[in-house]
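One structure is given below, encoded as structure tokens.
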Amino acid sequence: MTLLDERAGDVSDITAEEVMASHFTLVSQPGAIEAIAVDGVEGWTSPNPHPALSLICWTTDDPGEAAAALERVTERFRTEGRGFDWMTCPRCDHSGLVSLLEDQGFINPPLQIAAMVKRIEPHGKPQPPDGVHIWKVDEIADKRIWCVMAQGFDVPDDVAEIFHNAYANPSKLQRTEIYAAAVDGSDTPVGVGYLSYIGDGPSVLLRVSCTLEGNRGRGIYSAVVKRRLHDAARAGRTQAFVHAYSEESRRCLEHLGFSCVGTLQLHRWRP
């Protein structure tokens, strides 16, 4: 996988594997997020037992090495008595690795995720819909931001806070800016979106995007996407990646010019 690709922005040959790799750019933070230290895989886990905080993928195509890595990871979580998630890309299907997950008791069917890409170029600042205000978040410790994430993705507030802080923690692999949306003159966030600059290459990853249920249908999701693309292009980035977890998100992103380059799968293991 070419995580820090230096191409000039032609997205025609971007692969689903590259889109997936951009997701695995979080670094360890003591007490919150810890890198998985097993040959043949990469990912992270957390002292917090919520399974969404443990995500892993293979870094090898060798069936023997992949099986050994999977066994080590599964045994660790089996011993701890907690669940975790594993993400695969089309390459894993072609090399037969997905069947290894089935043999280890991962839940079927896996969640299907669209790996999507778009070429971006500088353009005029997009205007949000009437009554919608979008801003870049300066106060990273604003609890209201991760509470919107928690509600949008149906996870506890403490889980959303861990992800929020992990995204906001800069490293050589990524740095993230956070955006919020409010409506009708209020300053209470009802939508959020995270924009990660991947290394020093041409790519950005549109991470978490969600709008609170009572405010959907007002164009907030699309407006937050457009604002992030605008700022990324102004910063010199030329291609954007996104993981679309729902068909609704995929349709909206296609309408905004994103193309699907493959399907990723999220496999769940539970004790």
| Residue match in the range 20-36 (condition: in contact (Cβ under 8 Å) with a residue 40 or more places away in the chain, crowded, with 19+ Cβ neighbours inside 10 Å and over 21 Å from VAL159 (Cβ atoms)) | yes
| note | The condition from (1) closer than 19 Å to VAL261 by Cβ; (2) of a type in the set (Gly, Ala, Ser); (3) touching a residue at least 40 places away in the same chain (Cβ under 8 Å) that SER12 misses is numbered (3)
| message | Report every pair of residues separated by at least 6 positions or lying on different chains whose Cβ atoms are under 8 Å apart, first residue within the range 77-91 and more than 18 Å from ILE107 (Cβ to Cβ), second of a type in the set (D, E, K, R). | response | CYS89/GLU17; PRO90/GLU17; ARG91/GLU17; ARG91/ASP61
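Yes/no matrix, rows are residues, columns are (1) at pLDDT 95 or above; (2) aliphatic (A, V, I, L, M); (3) over 25 Å from GLY257 (Cα atoms):
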residue: SER186; (1), (2), (3): yes, no, yes
residue: VAL190; (1), (2), (3): yes, yes, no
residue: LEU195; (1), (2), (3): yes, yes, no
residue: ILE198; (1), (2), (3): yes, yes, no
residue: VAL208; (1), (2), (3): no, yes, no
residue: GLU213; (1), (2), (3): no, no, no
| task | Determine whether the range 142-152 contains at least one residue that is touching a Gly at 6+ places or on another chain (Cβ under 9 Å) and either within 23 Å of ARG250 (Cβ to Cβ) or surrounded by fewer than 16 Cβ atoms within 10 Å (Cβ to Cβ) (or both). | result | yes
| message | For the structure I just gave you, tell me whether GLY43 is small (Gly, Ala, Ser) and part of a strand (DSSP E or B). | response | yes
| said: Could you list, ordered by first residue, the pairs with Cβ atoms under 8 Å in which the first is in the range 167-185 and charged (D, E, K, R) and the second is in a strand (DSSP E or B), at least 6 apart or interchain? | reply: ARG175/SER196; ARG175/TYR197; GLU177/LYS136; GLU177/TYR194; GLU177/LEU195; GLU177/TYR197
| task | Check LEU205, LEU195, LEU173 and return the single one that is in contact with a strand residue (DSSP E or B) (Cβ under 9 Å, 6 or more places away or on another chain), over 18 Å from TRP135 (Cβ atoms) and open to solvent by less than 10 Å² (accessible area, probe 1.4 Å). | result | LEU205
| Leading residue by the ranking (most open to solvent (accessible area, probe 1.4 Å)) among those in the range 39-65 that are of a type in the set (Gly, Ala, Ser) and within 15 Å of the chain's Cα centre (by Cα) | ALA52
| Being at pLDDT below 95 and part of a helix (DSSP H, G or I), is that true of even one residue in the range 103-121? | yes
| task | Being part of a helix (DSSP H, G or I), of a type outside the set (D, E, K, R) and within 18 Å of SER46 (Cβ to Cβ) is the filter here, so list the residues in the range 68-102 that pass it. | result | VAL73, THR74, PHE77, THR79
| request: Go through the range 260-271 and give me each residue that's of a type in the set (A, V, I, L, M) and buried (at least 20 other Cβ atoms within 10 Å of the Cβ). | output: VAL261, LEU264
| helices (runs of 4 or more DSSP H) wholly inside the range 154-260 containing at least 1 residues that are closer than 17 Å to ASP142 by Cα | 157-168
| said: Residue under question is ALA235, and the condition is that it be small (Gly, Ala, Ser), surrounded by 19 or more Cβ atoms within 10 Å (Cβ to Cβ) and touching a residue at least 24 places away in the same chain (Cβ under 8 Å); does it hold? | reply: no
| task | Can you confirm whether the range 120-135 contains a residue that is in contact with a strand residue (DSSP E or B) (Cβ under 7 Å, 6 or more places away or on another chain), open to solvent by 50 Å² or more (accessible area, probe 1.4 Å) and among the hydrophobic types (A, V, I, L, M, F, W, C)? | result | yes
| message | Restricting to the range 247-259, name every residue that is open to solvent by 50 Å² or more (accessible area, probe 1.4 Å) and within 18 Å of the chain's Cα centre (by Cα). | response | GLU247, GLU248, ARG250, ARG251, GLU254, SER259
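The values are calculated or read from the model by the stated rules, or taken from the named source; none is laboratory data. Because the structure is a prediction, the values reported are computed rather than measured. Heads up, the Cβs are rebuilt from the backbone with ideal geometry, glycines too, and the neighbour counts pull from every protein chain shown. The protein model used for the area step is the full one, side chains on, heavy atoms only, and it has no ligands, DNA or RNA in it. Shrake-Rupley method; radii C 1.70, N 1.55, O 1.52, S 1.80 Å.
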